[in-house]
Amino acid sequence: MVSKVLVANRGEIACRILRACNEAGLASVAIYAANDASSLFVELADESFLLDGDTITDTYLHQAQILDIAKNAGVDAIHPGFGFLSERADFARAVTEAGIQWIGPGANAIEKMGDKMTARITMRAAGVPVIPGEEIEETDEDLALQAIEQASTRVGFPLLLKASSGGGGKGMRAVEHPEELLDAARSARREAIAAFGDGRVYLERLLTGSKHVEIQVLADRHGRTIHLGERECSVQRRHQKVFEEAPCATMTEEIRSAMGKAAVAAATAVDYEGAGTVEFLLAPNGEFFFLEMNTRIQVEHPVTEMVTGVDIVREQLRIAAGQPMSCGDLQMRGHAIEVRLYAEDASNNFLPAIGPLSVFVPPEGPGIRLDTGVRQGDEVTPNYDPMLAKLIVWAPSREEALQRMRRSLDEFVVLGTTTNLRFLRELCDVPDVIEGTTDTTMIDRLWPNGWNPNASIEVEDGALMAAAVAESSGLHRQSHSSPQSDDFSGPVSPFRTLSRRYP
């Protein structure tokens, strides 16, 4: 039985989970660091508790402190969201040993899929196609480099070096030629050790021109494991996704069926429970290969929800309570697209940005969803991931969804800090995006020297921004039906032109 849930996370995913708890009639608890005291997610929770400490390690990653709060608050379950402790098997195990329900797969499944080399071996045994490559178990630097060099002759070039405990592109290096191998291996190992405390790497054949396609799975305790179709997440910068959609534009029913069966087999092989994502590379010839399994809710889960009508977080809550999942026979309906709005300078290698959200006016209208943890007036700091929001649209067809996304990005206004709004808007007009022929190399191919905004669109000076901020402040203080000027017809319209000038 689950009646009270602690959300061991922050920001937009915490808001998403807290709202799901509210709709499910469950009491909710938030935990927060001091610099998050005024955040939206803290207000959404029924109860909230301050974490002692100043760093992420001392707050959102402090397992003992979070467990103490959970026990004192009398919670039945902990939902980890994504990031932070969501894929820490030791935390999942500590939660269950404390008599609290972990909303996610068991610790053993997290361990098997968290170690990428173990996952590859497990998937091969389960009959799931794996990218040709070799695992290097050596931990000694010299022995590991020798083994990598020998394995490279069998794998062939170009190849990828990937950290066994990796994620987010850390400990990953593409190697085109043999003479680059050892330097790349040393660099990958150093980065992996710094990020994960584990320098083991493995080799994979580098598959160019492939799509990144993932299958959403759900598994309950009643012997049922299903998939909810696919998402395509090929458009990435620095191995981080920025544009996701469901379904994949070039997917055939034959490949969808085969990939879905492989995903279910992957989940079954590790006795999976809850929501998870099995990621594949889809080659131009229709072959697909297992990449990894994410043992948590994914950032891009909303596009699957939009096309299937399944509330994935609600299903997580049901499964954790021991109930069978509520999903019946599923079909994907229409098309959904998600883009990730970041506080970052896309024209400067996507470096994170900081500053106030002086104006934050999201688009409105049919088929639009915004998942966010920020509001106008909040401050973007360097303390956490710079993602501000996820903008999701749905429409009956892919063409209509893409046009709805264009319109939504045109209307979205964020002033006070630099964002990637203009970059996202330009993506919508890229021929590969329009035609659905995106692959994982697209951004690097299109902008090998980095993205730069259209030179014809320039910021004239700071005066217009200041005027917009002042006007926004004034409009928030007045009735929407009585604007101060005949030039404006409501609280949003003054910024429609500005959104194209000030991303």
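A few comments on the model shown:
- Within the stretch 225-232, one or more residues are closer than 30 Å to ALA389 by Cβ and among the aliphatic types (A, V, I, L, M).
- Looking across the stretch 336-365, just one residue is of a type in the set (Ser, Thr, Tyr) and either more than 21 Å from THR381 (Cβ to Cβ) or in contact with a Phe, Trp or Tyr (Cβ under 6 Å, 6 or more places away or on another chain) (or both), and that is SER347.
- When GLU23 is tested against the conditions (1) in contact (Cβ under 8 Å) with a residue 40 or more places away in the chain; (2) surrounded by fewer than 14 Cβ atoms within 10 Å (Cβ to Cβ); (3) out of contact with any Lys or Arg (no Cβ under 9 Å at 6 or more places or on another chain), the lone failure is (3).
- Close pairs (9 angstrom Cβ cut-off, 6 or more residues apart or separate chains): over 16 Å from VAL75 (Cα atoms) and at pLDDT 95 or above in the stretch 1-20, among the acidic types (Asp, Glu) and crowded, with 24+ Cβ neighbours inside 10 Å anywhere: ARG10/ASP36; GLY11/ASP36
- Test: residue in the stretch 191-210 that is under 17 Å from VAL307 (Cβ atoms) and not aliphatic (A, V, I, L, M): no
- Matching residues, the stretch 31-45, being in a loop (DSSP other than H, G, I, E, B) and within 23 Å of the chain's Cα centre (by Cα): ALA33, SER39, ALA45
- Filtering the stretch 1-25 to residues that are assigned to a helix (DSSP H, G or I) and not acidic (Asp, Glu) leaves GLY11, ILE13, ALA14, CYS15, ARG16, ILE17, LEU18, ARG19, ALA20, CYS21, ASN22.
- Hits in the stretch 69-103 (condition: under 16 Å from the mean Cα position of the chain (by Cα) and among the hydroxyl-bearing types (Ser, Thr, Tyr)): SER86
- Scanning the stretch 110-149 for residues that are in a helix (DSSP H, G or I), more than 22 Å from LYS170 (Cα to Cα) and either touching a residue at least 60 places away in the same chain (Cβ under 8 Å) or in contact with a Ser or Thr (Cβ under 6 Å, 6 or more places away or on another chain) (or both) yields THR122, MET123, ALA125.
- The lone exception for THR308 - which of (1) touching a Leu at 6+ places or on another chain (Cβ under 8 Å); (2) closer than 30 Å to ASN449 by Cα; (3) not aliphatic (A, V, I, L, M) it fails: (2)
- The set of residues in the stretch 418-439 being outside any helix (DSSP H, G or I), surrounded by fewer than 21 Cβ atoms within 10 Å (Cβ to Cβ) and not charged (D, E, K, R) consists of CYS428, VAL430, GLY436, THR437.
- Criterion: among the hydroxyl-bearing types (Ser, Thr, Tyr), over 23 Å from GLY274 (Cα atoms) and either assigned to a strand (DSSP E or B) or assigned by TED's automatic domain parsing to the domain that holds GLN298 (or both) - qualifying residue of SER48, SER28: SER48
- GLU305 being charged (D, E, K, R) and closer than 29 Å to ARG124 by Cα: no
- Test: residue in the stretch 253-260 that is modelled with pLDDT of 95 or more, crowded, with 22+ Cβ neighbours inside 10 Å and not in a strand (DSSP E or B): yes
- Test: residue in the stretch 215-230 that is at negative phi, surrounded by fewer than 22 Cβ atoms within 10 Å (Cβ to Cβ), without any contact (Cβ under 8 Å) to a residue 24 or more places away in the chain and not hydrophobic (A, V, I, L, M, F, W, C): no
- Each residue in the stretch 276-288 was checked for being part of a strand (DSSP E or B) and either of a type in the set (S, T, N, Q) or under 30 Å from ALA320 (Cα atoms) (or both), and 5 of them qualify.
- Options ALA33, ALA37, ALA73: the member that is touching a strand residue (DSSP E or B) at 6+ places or on another chain (Cβ under 6 Å) and of a type outside the set (Lys, Arg): ALA73
- Going through (1) of a type outside the set (Asp, Glu); (2) within 24 Å of the chain's Cα centre (by Cα); (3) modelled with pLDDT under 95 one by one, ASN108 falls short only on (3).
- Total residues in the stretch 346-373, condition out of contact with any Ser or Thr (no Cβ under 8 Å at 6 or more places or on another chain), part of a loop (DSSP other than H, G, I, E, B) and surrounded by 14 or more Cβ atoms within 10 Å (Cβ to Cβ): 4
- Residue list for the stretch 54-90, filter: touching a residue at least 40 places away in the same chain (Cβ under 8 Å), closer than 24 Å to ASP371 by Cβ and not aliphatic (A, V, I, L, M): TYR60, HIS79, PRO80, GLY81, PHE82, GLY83, PHE84, SER86, GLU87
- Residue within the stretch 180-189 that is surrounded by fewer than 23 Cβ atoms within 10 Å (Cβ to Cβ), in contact with a Lys or Arg (Cβ under 7 Å, 6 or more places away or on another chain), without any contact (Cβ under 8 Å) to a residue 40 or more places away in the chain and small (Gly, Ala, Ser) present: yes
The values are calculated or read from the model by the stated rules, or taken from the named source; none is laboratory data. No experiment lies behind these values; they were computed from the predicted model shown. FYI the Cβ positions are ideal-geometry reconstructions off the backbone, even for glycines, and counts take in every protein chain you see.
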